[in-house]
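Heads up, the thing below is written out as C-alpha cells.
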Amino acid sequence: MKVTGFSFIRNAIQFDYPIEEAIRSILPICDDFVVAVGNSDDDTLQLISGIAPGKIRILETVWDDTLREGGRVLADETNKAFQAIDPESDWCFYIQGDEVLHEEYLPVIREAMEKYAHDPNVDGLLFNYRHFYGSYDYVGEAYRWYRREIRVVKNNKNIYSYRDAQGFRKNDNEKLRVKYIEAYMHHYGWVKDPRAMQGKQENFNKYWHNDEWIEKNVAKAHEFDYSQVDALSRFTGTHPGVMQERIQRINWKFDFDLSKNSFSRKEKIKRFFERITGKRIMEYQNYTLI
C-alpha cells in the first residue's frame, strides 16, 4: 500500500502558516509528498524545499488571482497537487497549511487505510476537527465551526477539490462515500500573532470577495481583534509534538471569559436537540457516511 501526502501553500512565512508542522505531522505515514507552492512574496519555496528533500516533490505554480469568488483558487491549487500524484499510490492524504495532525492518531489512520484500501465502496476517510481560536488554549464551541471533513481520499482522478478546498467530490458533483475514523485534525488557522492575523484577513478575503466587499466588511487595523467571538471552550488535551516549538514561541496573550459565551436562539434549539437525541440537526455534510 502506497500513501502520498499532498498540500498547497503560498506566502507561508508572511502570514505565519504552520505549513512545515502540517507536513511533518503526516509525513511518517506517507511514502512521498506533493506540495503545490504558489508564487510567493517571501521564502516559502525555500522553506518547503528544506523539510524532507528526499520525500517531498515541489510543484511550482502561479495562482490565478482572478478567481475571486468562493475561494475557487484554493480548490484549483489543491487539484494541481492531487493530479500530480503518482498513479501507483493507493491513498492520498490531504492537509492544509494551517492544519496539524496529532501523532497519536497515525496508527488509527494507517489501520483504516489498510482495511479499506481495496474496498470499492469507500472513497475516503472522515476526520474530526478541533478549531483553535485566539491562542492554543481555546477551541471554537459554536456550530459554525465545521465538525468533520474528508482528509484522506482514494487515488481516483475523478475526485476533485470542492468549492474553497474544504472537502472533495467526484464525477459530476457527487458526494464521496466515506468511513468515519476516530482521529482529530487540529486547525490553527485562527491562532496567529494578531498582526499576522490581520494581514491574513485583509489578504485572504480577496479569494472570496471583491474589493468593495472587503472595504466594507474587513476592518482596517494594526492588529486583529480576537475578542469578537461567540463561544469558546478551554482545551485540556495535548498538542502535536511538532507544534511544541511554535507554541513556546507565542508572543501575545489571549484570555476569554467563558461565562460570556453567547449562542443564537436557533443554535440553542439545535444544541438542546443534540443533548436529547445525540444527533446534530441541519448539519452541513459534504460527504455520504457509510
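Listing for the model above:
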| item | result |
| --- | --- |
| Residue satisfying condition, being within 22 Å of the chain's Cα centre (by Cα) and at pLDDT 85 or above, within set 290, 250 | 250 |
| Complete set of residues in segment 259-290 that are surrounded by 14 or more Cβ atoms within 10 Å (Cβ to Cβ) and of a type in the set (S, T, N, Q) | 261, 285, 286 |
| Top-ranked residue of segment 43-66 - restricted to ones that are within 20 Å of the chain's Cα centre (by Cα) and assigned to a loop (DSSP other than H, G, I, E, B), ranked as surrounded by the fewest Cβ atoms within 10 Å (Cβ to Cβ) | 51 |
| Residue tally, condition surrounded by fewer than 18 Cβ atoms within 10 Å (Cβ to Cβ) and among the small types (Gly, Ala, Ser), over segment 102-134 | 1 |
| Selection count, segment 72-96, where residues are among the charged types (D, E, K, R), in a helix (DSSP H, G or I) and surrounded by fewer than 22 Cβ atoms within 10 Å (Cβ to Cβ) | 3 |
| Pair list, Cβ under 9 Å, 6 or more apart: segment 52-64 residue more than 15 Å from residue 41 (Cα to Cα), other residue part of a loop (DSSP other than H, G, I, E, B) | 55/30; 55/31; 57/84; 59/84 |
| Considering residues of segment 204-233 that are assigned to a loop (DSSP other than H, G, I, E, B) and aromatic (Phe, Trp, Tyr) only, the residue nearest to the chain's Cα centre (by Cα) | 208 |
| In segment 5-42, residue nearest to the chain's Cα centre (by Cα) [restricted to those that are of a type in the set (Gly, Ala, Ser) and surrounded by fewer than 23 Cβ atoms within 10 Å (Cβ to Cβ)] | 38 |
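The values are calculated or read from the model by the stated rules, or taken from the named source; none is laboratory data. As the structure is a prediction and not an experimental result, all values here were calculated from the model. In this analysis, Cβ positions are derived from the backbone assuming ideal geometry, glycine residues included, and neighbour counts consider all displayed protein chains.
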